[in-house]
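Inspection log for the structure reproduced underneath, given as structure tokens.
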Amino acid sequence: MQQQRNWRVAVVGSGPAGLYATEALVKRGAHVDVFERLFAPFGLVRYGVAPDHQKIKKTAVVFERILDRPEVRFFGNVTVGRDLTVPELQEHYDQVLIAMGSSAARRLGIVGEELPGSIAATDFVNWYNGHPEHVDFHPPLDGRVAVVVGMGNVAIDVARVLLREREVLEKSDIAPHALEVLCRGSVQEVVLLARRGPDQSAFDVKEVRDLQAMSDVAVTRAGYEGKVETNKGRFVMDLPPEDLTARRKIVFRFCASPVELRGRQRVEQVRIERNDLVQSAARVRAVGTGKFEEIEAGLVIRAIGYQGIPLDGLPFHEDMGIIPNDDGRVLRDPGGERIPDVYVTGWIKRGPTGLIGTNKSCALETVKHMEHDLSHLGPARDPDAALALLSERNVSVIDWRSWKRLDEYERTQGSSQGRVRNKILSLHQALDVLKTSTRAQAGADEPQD
Ligand code: NAP
């Protein structure tokens with residue numbers, strides 16, 4: 001195809017989904033503007049991956065290289081749906097790709113879920129990772145027992161961070177306010193609650209091995225003595241049974257569902273129902289036995305999955321928590337007609353599953369469709385039109401150069417204390433740092449007498 005001008009794409013979201021797609025688009029000749037709601041890029045790599053998993057956080061290096069490319073521009077602190085609308089992006093770009101992830105938490109829908117002390121893992125994770133919208137979150141860590149509902153990798157991250165040694169956390173990029181609260185906290189026992197059995201656990205075995213590597217924490221199992229058929233199931237059954245004498249422990253408790261959270265001013269007790277496992281069609285289901293039990297706990301963390309949120313101007317599939325699409329091409333309704341030139345990738349396309357790398361193949365699928373659909377480029381569009389709108393609307397855009405200065409600042413502040421980085425915790429602080437460094441630069445540039 002002979003192009004007269006650049007193929008221009010707006011990507012909404014700078015997490016792994018948006019940036020793997022950006023890389024694939026640039027390889028095919030596109031010029032990409034990446035819009036990010038926060039002042040900092042990298043989405044779940046910065047705000048989701050646990051601070052004691054610095055090796056995984058290093059994937060940010062790959063994403064930095066993508067954003068360093070001359071065909072790519074980064075516009076941070078821009079909320080699409082508020083500062084710029086989807087129709088405005090459609091007007092100023094050949095194609096729009098939504099990669100905004102799934103930022104909300106799923107709910108259990110049980111009595112007592114609203115009590116203080118009942119929190120979502122998404123809030124807890126954002127809090128310890130220094131997410132600017134969660135700095136004022138206050139998880140109550142003054143009880144001895146915490147119950148984590150769900151048995152996926154997020155549940156394991158949360159259990160590990162709750163009991164992690166200070167020496168590991170303090171060297172990481174954990175938010176300082178979270179480090180202090182976690183280290184002053186009294187949690188000694190974490191019960192991970194799975195409604196189904198060991199074979200159906202959603203975690204990766206490697207993540208449990210990280211728990212076993214922690215000093216001074218017994219990793220045990222309870223609630224299931226039946227047969228297992230998978231390697232994961234066998235791994236679980238090889239864990240020692242619950243050790244009632246261990247002071248610090250993690251208990252993988254199977255076949256139990258929370259049915260009520262109880263307490264006067266806050267959560268004090270979790271009422272659980274024991275489940276039987278029933279094979280139904282392709283899925284093993286948990287069916288309540290009518291046998292109940294209480295666990296005394298001051299903290300309940302729901303780690304039962306993320307949920308997408310709607311974006312103004314685009315359809316949304318409430319039940320699935322995604323934007324309806326056909327392999328990345330956005331549809332007006334599931335199975336319905338296409339919305340031309342609008343695409344999705346990542347969790348908002350397929351739901352909140354998979355590891356960071358899963359987003360690469362997901363992005364590739366969407367980008368192949370984008371390239372295929374681009375039969376001709378319409379009239380020339382002003383590459384700076386979106387920026388002009390943001391400037392008219394007084395949006396303080398954080399561009400790539402500004403982010404690099406913020407990144408440098410965070411690393412310098414951190415390394416002076418033997419840490420990976422000290423994260424900037426608010427937009428206000430980010431703008432202050434930029435102002436101060438601009439003044440310092442101007443001073444350094446002044447001619448000396
Ligand atoms: P997930 O893997 O989908 O696990 C959700 C867990 O919640 C499952 O055990 C599920 O049990 C349970 N659950 C769902 N609804 C429930 C209910 N109403 N009552 C009780 N339990 C319920 O989700 P996630 O842990 O949030 O992780 C999201 C994705 O990010 C996953 O793909 C994960 O691998 C990835 N991730 C990876 C890492 C890592 O690599 N270190 C870290 C974090 C996240 P059922 O199976 O019975 O539904």
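The values are calculated or read from the model by the stated rules, or taken from the named source; none is laboratory data. For clarity, every value in this text was computed on a predicted model and none was experimentally measured. Virtual Cβ from ideal backbone geometry, glycine too; neighbours counted across all protein chains shown.
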Of the residues in region 255-314, those that are within 15 Å of the ligand (Cβ to nearest atom), part of a strand (DSSP E or B) and over 14 Å from Gly117 (Cβ atoms) number 21
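If you take just the helices (runs of 4 or more DSSP H) that sit entirely in region 78-163, which of them hold at least 2 residues that are within 16 Å of the ligand (Cβ to nearest atom) and modelled with pLDDT of 95 or more?
On the way: elements: 86-92, 121-128, 153-163.
Of the helices (runs of 4 or more DSSP H) lying wholly inside region 78-163, those with at least 2 residues that are within 16 Å of the ligand (Cβ to nearest atom) and modelled with pLDDT of 95 or more span 121-128, 153-163.
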Arg234: away from the ligand (no atom under 16 Å from the Cβ) and modelled with pLDDT of 95 or more, yes or no? yes
Test each condition in (1) assigned to a strand (DSSP E or B); (2) surrounded by fewer than 24 Cβ atoms within 10 Å (Cβ to Cβ) for Arg37 and report the one that comes out false. (1)
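Do any helices (runs of 4 or more DSSP H) lying entirely in region 337-449 carry at least 1 residues that are within 26 Å of the chain's Cα centre (by Cα), and which ones are they? Don't jump to the end; show me each part of the working.
On the way: elements: 347-350, 358-373, 385-392, 400-415, 427-445.
Hits in region 337-449: 347-350, 358-373, 400-415, 427-445.
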Which residue pairs have Cβ atoms closer than 8 Å, lie 6 or more positions apart in sequence or on different chains, and pair a first residue in region 339-357 that is over 20 Å from Phe63 (Cβ atoms) and within 10 Å of the ligand (Cβ to nearest atom) with a second residue that is among the hydrophobic types (A, V, I, L, M, F, W, C) and not in a loop (DSSP other than H, G, I, E, B)? Gly351/Ile322; Thr353/Trp347
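If you go through region 179-195, how many residues are within 14 Å of the ligand (Cβ to nearest atom) and either surrounded by fewer than 21 Cβ atoms within 10 Å (Cβ to Cβ) or among the aliphatic types (A, V, I, L, M) (or both)? Steps first, answer last, please.
Let us first name the residues in region 179-195 that are within 14 Å of the ligand (Cβ to nearest atom), namely 191-195.
If we keep only those that are either surrounded by fewer than 21 Cβ atoms within 10 Å (Cβ to Cβ) or among the aliphatic types (A, V, I, L, M) (or both) as well, we get 191-194.
Final tally of qualifying residues: 4.
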Which ones in region 190-219 are assigned to a loop (DSSP other than H, G, I, E, B), closer than 21 Å to Ile301 by Cβ and of a type outside the set (S, T, N, Q)? Ala194, Arg195, Arg196, Ala202, Phe203, Asp204, Met214, Val217
Would you check which residues across region 114-134 are in contact with a His (Cβ under 7 Å, 6 or more places away or on another chain) and either on the phi > 0 side of the Ramachandran plot or surrounded by fewer than 20 Cβ atoms within 10 Å (Cβ to Cβ) (or both) and list them? Asp123
Looking at (1) buried (at least 22 other Cβ atoms within 10 Å of the Cβ); (2) within 18 Å of the chain's Cα centre (by Cα), which is the one condition that is false for Ala60? (1)
Return the pairs, sorted by first residue and then second, in which the second residue is basic (Lys, Arg), the first residue lies in region 49-62 and is part of a helix (DSSP H, G or I), the beta carbons are less than 8 Å apart, and the residues are 6+ apart or on different chains. Lys57/Arg46; Ala60/Arg46
